[in-house]
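Enquirer: Mind having a look at this structure? Questions to follow.
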Amino acid sequence: MQRPIAMFDSGFGGLTVARAVIDLMPEEDVVYFGDTARYPYGPRPHADVVEYAEQITRWMVDGHDPKMIVVACNTATAVALDRLREMVSIPVVGVLEPGLRALLSVSTSDRVGVIGTVGTVASGAYQTLARALAPTMDLTVAACPGFVEFVERGETASDQVHVLAERLLAPLVEAKVDALLLGCTHYPFLARTIGDVMGRDVVLVSSADETAFAVQRDLAAAGLRRPESSGQGTTTWISSGDTSVFAELGRRLLGPELDTVVGHQWGHDA
Ligand code: DGL
């Protein structure tokens, strides 16, 4: 039987990664879990996010026998990736390293920026990784509380989000970064607003596309790619929250592949 790629996020944001994976490898089967009952992860204590990530990973491995886990959430990757890699024997791909590598490769100066949730920024994971990958790089990191909520409301280009972006992105404009990593799965939906505030010369890097390339590369390296001639893969969408809300907003964000949504309530297995 064909084994799927299992992906999870706190909610809808990881759909940017799912979109990129489906576009790049349409023949692969994808199972996506959005933990909307416990969303958002960004402001939560790190221990809670680690516990949720472990629980989802275990549940997906037991129930779906995936060939790979993709942690399609910056906050969960920042605090739980190492732990998940210890826990399971299949490859686990996160969104931090692919995004950061892409950021470093497009920058022509030594000044780059990363924006993310409070949890991601406070974890220091981007800062640690950047020091390892490019010790001389001048990295400015900023948390953008409020961005996720605007996306969830479907409000991606209003005056209000623009005003908030001007305030939150000011340190990055001041630091004169020439490339900015959208280090939260929701932020690609705000790319226009962020681009307007940062200016045309600043390259915006989305970790979604880069993560899809990393998934493709790691699957190929492990001999786990499904042949491109296999035809269209299947998609399965699961949400721990309200499935009709997930279906409606999810379809708007991802596209028509998001048709039926299966519910999963955390009960005694939580
Ligand atoms: N998916 C989260 C991330 O990429 C953003 C949403 C949340 O805070 O749960 O960091």
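Enquirer: Across the Cα atoms of the chain, what radius of gyration and what greatest pairwise Cα-Cα distance (Dmax) are found, in Å?
Expert: So, for the chain, Rg and Dmax equal 17.7, 53 Å respectively.
Enquirer: For ASP82 paired with THR156, estimate the spin-label separation in nm (one decimal), with each label point 7 Å from Cα along the Cα-to-Cβ line.
Expert: 3.5 nm
Enquirer: Can you tell me the accessible area per residue over the chain, all protein chains present, probe 1.4 angstrom, in square angstrom? Walk me through the numbers on the way to the answer.
Expert: Values: 11610 Å² over 270 residues.
Normalised by residue count, the accessible surface of the chain is 43 Å².
Enquirer: Related question: Which value, in debye to the nearest 20, gives the size of the charge dipole of the chain about its Cα centre, when Lys and Arg are +1 and Asp and Glu are -1 at the Cβ?
Expert: So the magnitude is around 340 debye.
Enquirer: Continuing with this model, one more query. Could you compute Rg(Cα) / (2.2 N^0.38 Å) for the range 111-263, with N its residue count?
Expert: Output field value: 1.20.
Enquirer: If you don't mind, another one. How many angstrom lie between the C-alpha centres of the range 169-241 and the range 30-90?
Expert: Each part's Cα centre sits 18 Å from the other's.
Enquirer: Something else about it: I'd like the carbon and sulfur percentage of the solvent accessible area for the range 1-153, probe radius 1.4 Å, heavy atoms only, ligands and nucleic acids excluded.
Expert: C and S fraction of accessible area: 52 percent.
The values are calculated or read from the model by the stated rules, or taken from the named source; none is laboratory data. If you're wondering where the values come from, they're calculated on a predicted model, not measured in any experiment. Positions of Cβ are backbone-derived with ideal geometry, glycine not excepted, and every protein chain shown enters the neighbour counts. When the accessible area is computed, the model is the full protein with side chains, heavy atoms only, and any ligands, DNA or RNA have been set aside. Shrake-Rupley method; radii C 1.70, N 1.55, O 1.52, S 1.80 Å.
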